[in-house]
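J.: Dropping the structure in here first, questions after.
The values are calculated or read from the model by the stated rules, or taken from the named source; none is laboratory data. Computed from a predicted structure; not experimentally measured. Note that we place each Cβ from the backbone using ideal geometry, even for glycine, and neighbour counts take in every protein chain shown. Remember, those area values only see protein heavy atoms, side chains included, never the ligands or the DNA or RNA. Shrake-Rupley method; radii C 1.70, N 1.55, O 1.52, S 1.80 Å.
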Amino acid sequence: MYLDVRDLTKTYGTFTALDRVSAGVDEGEFVCLLGPSGCGKTTLLRVIAGLIEADSGQILLKGADISGMPTRQRGFGIVFQSYSLFPDMTVAQNVGYGLKIRGAARDRIRKRVGELLDMIRLPHLADRYPGQLSGGQQQRVALARSIAVDPQLLLLDEPLSALDAKVRAELRREIHSLQRELRIPTIMVTHDQEEALAVSDRIICMNRGHLVQAGTAEELYLRPQTRFVADFMGRSNLLGIEALARVAPGLAAARPRDGADLACIRPEQIGLSPDPDGPARVRELEFLGNITRIGLDTPAGNMVAEVSGHSPVRPGDRLSLSISSEHCAWVREDAAAGAQ
Amino acid sequence: MTARPSTAPVPGRKGLFDANRLFVAACVGIPALGLLLFFVQPVAIVFLRSITEPDGSYGLGNYHRILEGARFWRVTGQSLVMTLITTAISVGAGFVIALALYRGHFRGKWFVRGAILLPLLAPSLMQSLGLIFLLGRNGIVSRILGTEIEIYGLWGLVIANTLYALPQAVMIIGAALVLLDARVYEAADVMGARPFRQFRDLTLPAAKYGILSAIFVVFTITITDFGNAAVIGGNYTVLATEIYRQVVGRQNFNLGAVVGIMLLLPTVLAYFIERQASRKSRGQKAAGILPYVPKYSPLRDIPLAAFSFVVSGFVVLVMAVVVYASFVTLWPYDLSLSLKNYAIDIAGGYDSLWITIWISLWAAAVGTVFVFALGVGLRHAPAWIAQPLQVLAAMPAAVPGLVLGLAYIMAFNSLSNPFNFLYGTATLIIAVNFYHYHTQAFLTLQTGFRQFPETLEEAGASLGANLGRLSRDVVLPFMAPMLVSVLLFLFMRSMVTISAVVFLSTPSVSVASFQILRLEDSGRTSQAAAFSTALMGVVILALLLLTLLNRVIASHHRAG
């Protein structure tokens with residue numbers, strides 16, 4: 001691993017923010033730390049940045065232990081949710097500050113700042129102050145400032161959360177393509193699973209100070225290992241073994257022997273066909289534009305299915321359901337996670 | 001994983017001599033030493049002195065002897081009577097004027113606001129001088145009426161101190177009223193509450209802590225005021241003048257120590273009650289408040305406006321008459337204008353004015369640097385250092401200037417003190433001015449630091465900047481407007497303060513307000529007026545310059 005985090009633990013009084021968390025980032029990789037608020041993802045990022053010190057554990061960068069190194073010597077770039085541009089410096093001065101600290105010549109700073117402002121497409125704002133910029137513009141400047149010094153690692157702490165929906169999507173694409181182009185190993189903290197799915201090579205899903213599951217976006221979405229991950233990565237039907245037997249007896253038989261006893265079926269993976277004698281009945285429809293969400297009464301209880309576009313069924317219609325075994329993931333309860 | 005061949009970070013632990021640690025240690029250490037040397041030490045020495053028996057052992061003998069004296073009780077009684085009357089009038093009138101300013105609707109509020117700022121620009125004896133020119137034996141009023149009003153004594157003191165304290169009461173109560181959002185009144189309107197009910201249920205509770213706080217502040221500044229007591233007190237001796245007489249005149253340090261400690265009690269009590277109160281009312285945030293804009297209502301506004309104009313008119317009149325009298329050839333017989341009074345004819349002349357300007361500049365500059373450094377350091381110091389220091393830095397406000405001056409003379413006059421060499425120097429006066437107003441300066445900057453986002457420092461650290469560099473490049477510009485305010489505040493206070501420095505003035509290092517006292521004392525009232533006017537001119541000039549500077553700073557950055 002390029003960055004290797006081993007057994008990090010951080011407690012605040014009786015609250016355990018990080019509980020023996022191990023994770024890593026590969027060369028050129030974009031990793032998302034995903035989880036609900038209070039799960040420890042931001043704490044982990046801040047420990048990696050050197051902004052807080054862990055109680056125990058190690059951080060290795062290219063094999064060298066940097067656990068005790070002050071932030072300013074680590075050479076990482078950080079972007080915060082709150083933009084955090086220096087209010088009394090112009091855009092150009094902000095972007096060039098890291099180089100100035102390193103004692104770079106004035107010409108070199110000017111040239112580099114020019115390149116970066118071109119890259120974020122804001123060259124015309126070089127002499128403005130941050131207070132005169134929109135949120136999206138400020139965050140792009142913050143991004144440029146953090147990559148100006150060729151950071152060994154880029155840390156993004158919920159960089160999009162303060163922006164409105166449209167700007168957020170736009171900047172998300174920009175961050176993604178910039179990272180693809182520059183190949184800077186990047187860790188982004190987010191609580192938005194869609195954001196994580198869209199940009200990451202790998203997602204590290206956290207809950208209550210624990211690392212719950214790490215993997216590619218597909219793995220986390222299609223093969224969640226715990227109820228928490230299944231829930232957090234979008235909608236799912238989670239059925240116990242008996243309930244599952246009532247709607248898909250064939251699937252229940254295929255249950256693995258590793259203690260995972262909840263079937264996770266994504267709503268769009270449920271095949272629906274009109275059938276007057278079918279076991280399911282349409283309870284309600286929710287038209288969301290590109291998809292329609294269908295609430296079902298089934299022998300297994302309430303379930304939810306999704307079809308693209310307009311619904312082929314009406315409330316009250318009876319249906320039969322088909323779920324293929326490859327679309328059924330087996331997950332376990334994660335009560336154990338918090339208990340220890 | 002192939003390692004990138006470029007710059008490998010140097011592995012290492014935070015060493016003891018890490019640059020940031022040294023910086024934080026210096027930022028915290030030097031101001032902390034200052035507090036220990038110039039605040040804790042003198043106050044501790046007064047305390048020890050008050051419980052030291054003639055044979056060197058500790059005991060309450062001094063208290064016994066002083067509490068047995070009839071004179072002490074008479075003086076204390078007189079002080080309390082004068083202070084309580086002044087407090088009642090000042091806070092009552094202050095509340096009405098604050099209501100007028102923040103809950104009334106009438107034209108000319110600028111005049112009231114301006115009048116309220118005036119007393120801050122001059123030493124507290126200015127009110128007494130004005131009263132003497134108006135109501136004294138040779139005052140205008142006495143001349144016109146042909147009778148002699150006895151202005152020296154209790155009532156002169158009450159009027160002078162009320163005029164001096166009133167603005168502070170207005171400001172404190174006004175600040176509490178501002179916090180009450182307009183939407184609260186709108187909601188009450190919608191619910192059908194009539195104006196009087198709104199006043200009783202909304203305004204009064206909001207002003208409650210402001211009034212409480214104003215009572216304590218006015219009580220403290222009045223009972224410890226020296227300037228007015230010396231000029232207009234006459235035979236009505238109060239604690240402040242008594243202490244001065246006993247300590248400076250008769251070297252009766254024991255009495256000074258005991259009375260100093262006893263004067264500390266009400267103010268310390270007041271200080272803690274006030275802190276408690278402000279903690280309770282801290283739920284209200286100053287940000288995002290929709291100011292209450294009252295509609296015109298003659299029954300309420302005409303009396304409020306009339307009262308405000310009469311009172312603030314009197315405040316202005318009393319100060320203006322001093323300025324006017326300073327230009328008059330021979331008050332009140334020859335009212336032709338001249339500059340004769342500006343030729344100061346006692347020893348020292350204007351020297352003390354220049355000395356005071358220098359002292360004030362130094363106090364302002366050093367003080368601002370110290371509280372800024374302390375603020376920067378405290379953000380990064382471990383909690384076991386930061387928390388006690390926060391409390392200590394906010395404590396000097398509980399010690400009245402009179403007691404602090406007393407403490408300085410006892411601490412630094414003693415030959416056994418290794419810092420005895422400071423006694424009689426301007427440095428000591430600089431110190432007493434700064435530490436007297438340390439709390440207000442410190443708290444003003446703390447408010448600023450609280451608005452400073454921590455992530456700015458973190459972003460800077462990630463770019464490789466150390467704390468020293470960040471403090472200069474990022475924190476300093478951010479704090480600039482507040483630093484200018486603190487600079488101005490310390491300068492203005494140092495220029496006009498009397499009670500602390502009166503103990504430390506010597507023939508070679510005499511401050512302006514002390515020189516004014518001497519002029520008045522030797523019967524040169526018009527020259528005292530001239531000197532006061534000159535002093536006020538300097539303060540107003542500084543006020544204008546620094547306000548302009550702050551405008552420039554504000555317009556330069558963050559515009560739009």
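J.: Quick check on my filter: what residues within segment B:428-460 are free of Cβ contacts under 8 Å to residues at least 40 places away in the same chain and more than 14 Å from chain A (Cβ to nearest Cβ)?
T.: Once the filter is applied, which keeps residues that are free of Cβ contacts under 8 Å to residues at least 40 places away in the same chain and more than 14 Å from chain A (Cβ to nearest Cβ), segment B:428-460 yields B:Thr447, B:Arg450.
J.: Just give me the residues in segment A:89-109 being surrounded by 21 or more Cβ atoms within 10 Å (Cβ to Cβ) and facing chain B (nearest Cβ under 7 Å), in sequence order.
T.: A:Tyr97, A:Gly98
J.: Given the conditions (1) more than 26 Å from B:Ala500 (Cβ to Cβ); (2) at pLDDT 90 or above; (3) surrounded by fewer than 21 Cβ atoms within 10 Å (Cβ to Cβ), report the number of the one that B:Ile97 does not fulfil.
T.: Failed condition: (3).
J.: I've got another one for you. Restricting to helices (runs of 4 or more DSSP H) lying wholly in segment B:131-205: which have 2 or more residues that are closer than 24 Å to B:Gly313 by Cβ and open to solvent by 50 Å² or more (accessible area, probe 1.4 Å)?
T.: Qualifying helices (runs of 4 or more DSSP H): B:140-145, B:154-178.
J.: Here's another thing I want to ask about it. Run down B:Leu487, B:Leu467, B:Leu463 and say which single residue is touching a residue at least 60 places away in the same chain (Cβ under 8 Å) and within 13 Å of another protein chain (Cβ to nearest Cβ).
T.: Checking each option against the conditions leaves just B:Leu467.
J.: Within segment B:320-366, track down each residue that is of a type outside the set (A, V, I, L, M) and in a helix (DSSP H, G or I).
T.: B:Tyr324, B:Ser326, B:Lys340, B:Asn341, B:Tyr342, B:Asp351, B:Ser352, B:Trp354, B:Thr356, B:Trp358, B:Ser360, B:Trp362
J.: Just to be sure I understand the filter: pairs with C-beta atoms under 6 Å, separated by 6 or more residues or on different chains, first member in segment B:98-117 and farther than 17 Å from B:Ile302 by Cβ, second member of a type in the set (S, T, N, Q) and open to solvent by less than 10 Å² (accessible area, probe 1.4 Å). Which pairs pass?
T.: Within 6 Å, the pairs are B:Ala115/B:Ser312.
J.: So, one more: Which ones in segment B:413-438 are within 21 Å of B:Val399 (Cα to Cα), β-branched (Val, Ile, Thr) and surrounded by fewer than 20 Cβ atoms within 10 Å (Cβ to Cβ)?
T.: B:Thr427
J.: Given the conditions (1) exposed (fewer than 13 other Cβ atoms within 10 Å of the Cβ); (2) more than 20 Å from A:Leu238 (Cβ to Cβ), report the number of the one that A:Glu286 does not fulfil.
T.: (2)
J.: Which of the residues that make up segment B:120-130 are surrounded by 22 or more Cβ atoms within 10 Å (Cβ to Cβ) and of a type outside the set (S, T, N, Q)?
T.: B:Ala122, B:Pro123, B:Leu125, B:Met126, B:Leu129, B:Gly130
J.: Among the numbered conditions (1) more than 9 Å from chain B (Cβ to nearest Cβ); (2) outside any helix (DSSP H, G or I); (3) touching a Lys or Arg at 6+ places or on another chain (Cβ under 7 Å); (4) open to solvent by less than 40 Å² (accessible area, probe 1.4 Å), tell me where A:Gln58 comes up short.
T.: The number of the failed condition is (4).
J.: May I pose another question? What is the number of the single condition among (1) part of a helix (DSSP H, G or I); (2) closer than 30 Å to B:Pro31 by Cβ; (3) not charged (D, E, K, R) that B:Leu317 does not meet?
T.: (2)
Yes or no, residue by residue, for (1) buried (at least 22 other Cβ atoms within 10 Å of the Cβ); (2) more than 27 Å from A:Leu18 (Cα to Cα); (3) under 15 Å from the mean Cα position of the chain (by Cα):
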position	(1), (2), (3)
A:Ala198	no, no, yes
A:Arg208	no, no, no
A:Pro224	yes, no, yes
A:Phe232	yes, no, yes
A:Leu244	yes, yes, no
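J.: Of the conditions (1) within 13 Å of chain B (Cβ to nearest Cβ); (2) touching a Pro at 6+ places or on another chain (Cβ under 8 Å); (3) surrounded by 19 or more Cβ atoms within 10 Å (Cβ to Cβ), A:Leu117 clears all except one; give me its number.
T.: Here A:Leu117 clears every test but (1).
J.: Now, a different point. Answer yes or no as to whether A:Thr298 is within 21 Å of A:Ala252 (Cβ to Cβ) and either of a type in the set (Ser, Thr, Tyr) or out of contact with any Asp or Glu (no Cβ under 8 Å at 6 or more places or on another chain) (or both).
T.: Taking the combined requirement at face value, the residue satisfies it.
J.: Something else now. Which number in (1) out of contact with any Ser or Thr (no Cβ under 7 Å at 6 or more places or on another chain); (2) open to solvent by less than 60 Å² (accessible area, probe 1.4 Å); (3) assigned to a helix (DSSP H, G or I) marks the one condition that B:Val258 misses?
T.: (1)
J.: Can I ask one more? Can you tell me which residues in segment A:68-88 are crowded, with 20+ Cβ neighbours inside 10 Å and more than 7 Å from chain B (Cβ to nearest Cβ)?
T.: Once the filter is applied, which keeps residues that are crowded, with 20+ Cβ neighbours inside 10 Å and more than 7 Å from chain B (Cβ to nearest Cβ), segment A:68-88 yields A:Val79, A:Tyr83, A:Leu85.
J.: Right, something else. Can you find even one residue in segment B:449-472 that is among the hydrophobic types (A, V, I, L, M, F, W, C) and farther than 30 Å from A:Ala104 by Cβ?
T.: Checking segment B:449-472: at least one residue is among the hydrophobic types (A, V, I, L, M, F, W, C) and farther than 30 Å from A:Ala104 by Cβ.
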